[in-house]
Amino acid sequence: MNTPAAAPVAESRAHFPLPLGPRTPRILQSLRYARRPFASLEDSARRYGHCYTVRAFGQPPMVVFTDPEAIKDIFTADAEDLRAGEANGQILGPIVGWHSVLVLDGDRHLRERRLMGPPFHGERMHHYGSNMRDITDRAVDGWPLGRPFPIHRQMQSITLDVILRAIFGLDDGPLLARLREPIVCFLALADSPSAAFLAIRPLQIDLGRLTPWGRFVRDRAEVRHLLRAEMTRRRAAGPTGRTDILSLLLEARDERGDPMGDEELLDEMFTLLMAGHETTATSLAWIFHHLLPRPDVGEKLRAELRRATDGGPIDPGRVAQLEYLDAVIKESSRLTPVATSVIRRLNVPTRIGGLDLPAGVAVAACIYATHHRADLWPDPERFLPERFVGARPGPYTFFPFGGGVRRCLGAAFATYEMKVVLATVLSRVELRLAPGYRMRPVLRAVTIAPSGGVPVVVERRAV
Ligand code: HEM
């Protein structure tokens, strides 16, 4: 095995050698990843082993690790030394705002995590369960019979409605309708080929609605305006016992007894929208991609569901405990994680996986390549949910939600939502992949999705 410590060394930065890696120009390295995200990671792992250096356009050198010992070093390091906020900020700061938990480090990051944590903890999730089921039921009612349609699009619509209701606690009223439109526009933009115009500073040109950045800024301003008015209204109304995330955050206090400020709250609302919607929809699309060609797995899932529900309506609380459903979700996120890596910037020289690295470089815990190591995951390219049945995967060999103090804040929410959506869909319809579909993994703004939206056909629907 090629360990990081034994990795070939090519370059020295301030007396610290960096491991070898692709030597092609930066722009080509970025394009290669953009065109064939999974394949480029596989190529690099084959050529350079479990540790190598990549150089992306406009970024500092990044040392990529797929070794559990190195991943552990990354996830357990002092958060002041390995900074995720600084690494995320370059791209995400102008989009989600500079008060966002995603782009903060140190004490400010910890404060936000403490304030935002409670709405996402265990039992709280169950408040959102019946909403998740009802939204999915309504979507399924509208699916055509016998005619192909992209299921990814349907999952986006479901996860957007779920998150709008869970975050803002809005029922089907006029405010939801007014908020939905600009939100749909900027979420679509953030996940389209124009996303580069949002993510690259020099391309953030505001020439009104003619330019992607101009459209984004205007839609965002509209949403902020509506939300600010809603926040003022709720503050004036006082505590109402509501369980949506905005209401809980309006009442949250830090250890000094201070509430979140308006700007902070607005940035966090954006963060939850951007981080929570597309990731979950894309994960669901991948699950359908893996599941539909495997009637054996589908039948096991249905049998488990029948046992849990006695053929009656889906009870979201019970669905959360289904072991095989959980294994299917985990196996899909092992094979095709929607985020391929999580990144930290070194603030001080640090030893990772036995390798001394200089301040200023970035390190990546590569989710995709670690999940595909044959020595950690026998027969790694096969979709085998059974490998997760009765097994607890280690946090440094399986980490679709990242790790350490930066582990995804919405992991429990997303997992619960995926279970409720899948259980509802599987109990209502029989689906198959549309004939002739050939999947290609494609890079959207930051997530990797199956191409073409995964076209499916509904063969039968129960009422
Ligand atoms: C299947 C769906 C999801 C996936 C695969 C996913 C994945 C991730 C990953 C890989 C990270 C980075 C972790 C790290 O740097 O170590 C992250 C961070 C985060 N996610 Fe998720 N996520 C999902 C759903 C959600 C949802 C539903 C929400 C909220 C509603 C959410 C909110 C966040 C937030 C706030 C962070 C930043 C945490 C921090 O920096 O402290 N995510 N997510």
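The values are calculated or read from the model by the stated rules, or taken from the named source; none is laboratory data. None of the values given here were measured: they were computed from a predicted structure. Backbone-built Cβ (ideal geometry, glycine too); neighbour counts: all protein chains shown. Ligands, DNA and RNA are excluded from the accessible area calculation, which covers all protein heavy atoms including side chains. Shrake-Rupley method; radii C 1.70, N 1.55, O 1.52, S 1.80 Å.
Listing for the model above:
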| read-out | value |
| --- | --- |
| Inter-residue pairs, beta-carbon under 8 Å, first surrounded by fewer than 21 Cβ atoms within 10 Å (Cβ to Cβ) and in the stretch 182-193, second among the basic types (Lys, Arg) and at pLDDT below 75, 6+ apart | none |
| Qualifying residue in the stretch 357-377 (condition: free of Cβ contacts under 8 Å to residues at least 12 places away in the same chain and either assigned to a helix (DSSP H, G or I) or open to solvent by 30 Å² or more (accessible area, probe 1.4 Å) (or both)) | yes |
| Residue within the stretch 314-323 that is in a helix (DSSP H, G or I), open to solvent by 30 Å² or more (accessible area, probe 1.4 Å) and in contact with a helix residue (DSSP H, G or I) (Cβ under 7 Å, 6 or more places away or on another chain) present | yes |
| The listed residue being without any contact (Cβ under 8 Å) to a residue 12 or more places away in the chain, more than 16 Å from the ligand (Cβ to nearest atom) and under 24 Å from Asn131 (Cα atoms), out of Gly317, Gly241 | Gly241 |
| Residue satisfying all of: in the stretch 324-339; part of a loop (DSSP other than H, G, I, E, B) and within 9 Å of the ligand (Cβ to nearest atom); surrounded by the most Cβ atoms within 10 Å (Cβ to Cβ) among these | Pro337 |
| Residue selected from the stretch 121-132 under the condition surrounded by fewer than 21 Cβ atoms within 10 Å (Cβ to Cβ) and in a helix (DSSP H, G or I), by the criterion nearest to the ligand (Cβ to nearest atom) | Arg124 |
| In the stretch 277-302, the residues that are open to solvent by 20 Å² or more (accessible area, probe 1.4 Å) and within 16 Å of the ligand (Cβ to nearest atom) | Thr279, Ser283, His289, His290 |
| Candidate set from the stretch 392-448 (those that are within 16 Å of the ligand (Cβ to nearest atom) and part of a strand (DSSP E or B)); member that is farthest from the chain's Cα centre (by Cα) | Pro441 |
| Residues located in the stretch 75-104, provided they are within 19 Å of the chain's Cα centre (by Cα), part of a helix (DSSP H, G or I) and closer than 27 Å to His372 by Cβ | Phe75, Ala84, Ala87, Asn88, Ile91, Leu92 |
| From Ile167, Ile158, Ile151, residue being of a type in the set (A, V, I, L, M), at pLDDT below 90 and touching a helix residue (DSSP H, G or I) at 6+ places or on another chain (Cβ under 7 Å) | Ile167 |
